[in-house]
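Below is a structure I'd like to ask you about.
The values are calculated or read from the model by the stated rules, or taken from the named source; none is laboratory data. Computed from a predicted model, the values in this text were never measured in an experiment. Quick reminder, even Gly has a Cβ in these numbers, built from the backbone with ideal geometry, and neighbours come from all protein chains shown. Quick note on the areas: whole protein, heavy atoms, side chains included, nothing else; ligands and nucleic acids left out. Shrake-Rupley method; radii C 1.70, N 1.55, O 1.52, S 1.80 Å.
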Amino acid sequence: MRRAAEAGVIYDIGYQRYEGARLGRGYAFRTLFVHSLRQAWGLGRGGKALIIPFLLLFLVCMPAVVQVLVGIVSQGEGKLLEYSSYFRYVQPLVLLFCAAQAPELVSTDQHHRVLPLYFSRPLRRGDYAGAKLLAMAATVWILALTPMALLFIGRLAAASDVGAVLRAERGSVLPVLASTLAIAAVMGSISVALASFTARRALGTAAIFGTMFLTAVVSAIVQKNSATGVPGYGTLMSPLLVLAGLMRWLFDVQPTGPGGGPVPPNPVGGLGYAGMAVALVVLASLAIFARYSRVRT
């Protein structure tokens, strides 16, 4: 009897049923979005993680800072940069930022095999993909919009008549917002889509650089070879040229390519750039959601 009593003892080690608030799928989505946004900027991960994103942000903003100083010294007369041409000068830096930080968002989770932890929660696979995509797009939008804001503030600081400058700049607000959102959507979606297919950051970075380089080369070949019969459509084969053409169209100025040279006329005009930008975002987003719907955990 004594042995049976010892064997049948039930120990209460304190397990209790959770009775707190269940914040649900929406809260998990928002939390993952904020976490990914901080992760893209290296926040909360030590000083080394801050170096690349904030160094690139500083370099992207440097031309705007120079423009502000020139404007103040010349009392608003010196204008080295315009909103419409700014992206052309900082395009390589924006690409470098995407190639460095997009794998940080998606490749590291696969490398450390933490996707099963995410997918065991109320968070669905599509929610995970959407949160990562939105976080990267928001990150690139901050990167693209900050120098534009510096240009605007600098023009106000250098102006003797602030009201006149505000009236003059009023027409640039919508093109600035539309163009920076386009940069964020196109660059963010493509970089996350490419990086999501590998667990290695280096491969993700190489895939983003390689894709942008190859599409630029194919675009240049098509543009210079009239035998293809569609030289003008070559501008639509490179995401970087599509963005450059879209920005010029939004600001209603002559389209030019990343190198500053003229781009052959696009047969379908600015709507062609806008349509191709939308198509790139849709295709990249579909690739991201398809990737995470089938990824093994």
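Work out, in µm²/s and without decimals, the Stokes-Einstein translational diffusion coefficient of the stretch 1-130 at 10 °C, 1.306 mPa s, Rh from Kirkwood over C-alpha pairs.
80
I've got another one for you. Would you please put 50-58, 241-249 in order of how densely packed they are, using the mean number of other Cβ atoms within 10 angstrom per residue and starting with the highest?
By packing density, highest mean first, the sequence is 241-249, 50-58.
Calculate I(q)/I(0) for the stretch 129-224 by the Debye formula, one identical point scatterer on each C-alpha and no solvent, and give its log10 at q = 0.19, 0.23 Å⁻¹ to two decimals.
So the normalised log intensities are -0.94, -1.11.
Could you work out how far apart the two model spin labels at Arg291 and Phe213 are, taking each label as a point 7 Å from the Cα in the direction of the beta carbon, and quote it in nm?
Going from the Arg291 label point to the Phe213 one covers 2.0 nm.
Further question: What does the charge count near Phe289 come to, summing +1 for each Lys or Arg and -1 for each Asp or Glu among other residues with Cβ under 12 Å from its Cβ?
Overall, the nearby charge balance is +4.
Over the stretch 73-172, what portion of Cα pair distances is larger than 17 Å, expressed as a whole percent?
65
While we're here: Rolling a 1.4 angstrom probe over the protein heavy atoms, how many square angstrom per residue are accessible across the chain? Write out the running numbers ahead of the final one.
Details: 16290 Å² over 297 residues.
Accessible area per residue: 55 Å².
Using the alpha-carbon atoms, what tilt in degrees (0 to 90, nearest 10) does helix 173-195 show relative to the longest principal axis of the chain?
50
What is the percent carbon and sulfur in the accessible area of the stretch 94-219, measuring with a 1.4 Å probe over the protein chains and ignoring ligands?
71
A further question on this structure: Looking only at the stretch 126-162, which residues have a backbone nitrogen under 17 Å from a spot 7 Å from the Cα of Arg170 in the C-beta direction?
From the stretch 126-162, the list is 156, 161-162.
List the relative contact order of the chain as a percent without decimals, with contacts defined as Cα pairs under 8 Å and 6+ residues apart.
Relative contact order here is 21 percent.
With a Förster radius of 30 Å, plug the Cβ-Cβ distance of His112 and Phe54 into 1/(1 + (r/R0)^6) and report the FRET value to the nearest 0.05.
Values: r = 24 Å, r/R0 = 0.80.
The formula returns an efficiency of 0.80 here.
Report the extension gain between Ala202 and Leu23 in nm, rounded to one decimal, defined as 0.36 nm multiplied by the number of residues separating them, less their alpha carbon distance.
Result: 60.8 nm gained on full extension.
Roughly what angle does helix 47-73 make with the longest principal axis of the chain, taking Cα atoms, 0 to 90 degrees, to the nearest 10?
20
For the chain, what mean projected area does the convex hull of the alpha carbons give, in nm²?
Projected area, direction-averaged: 22.4 nm².
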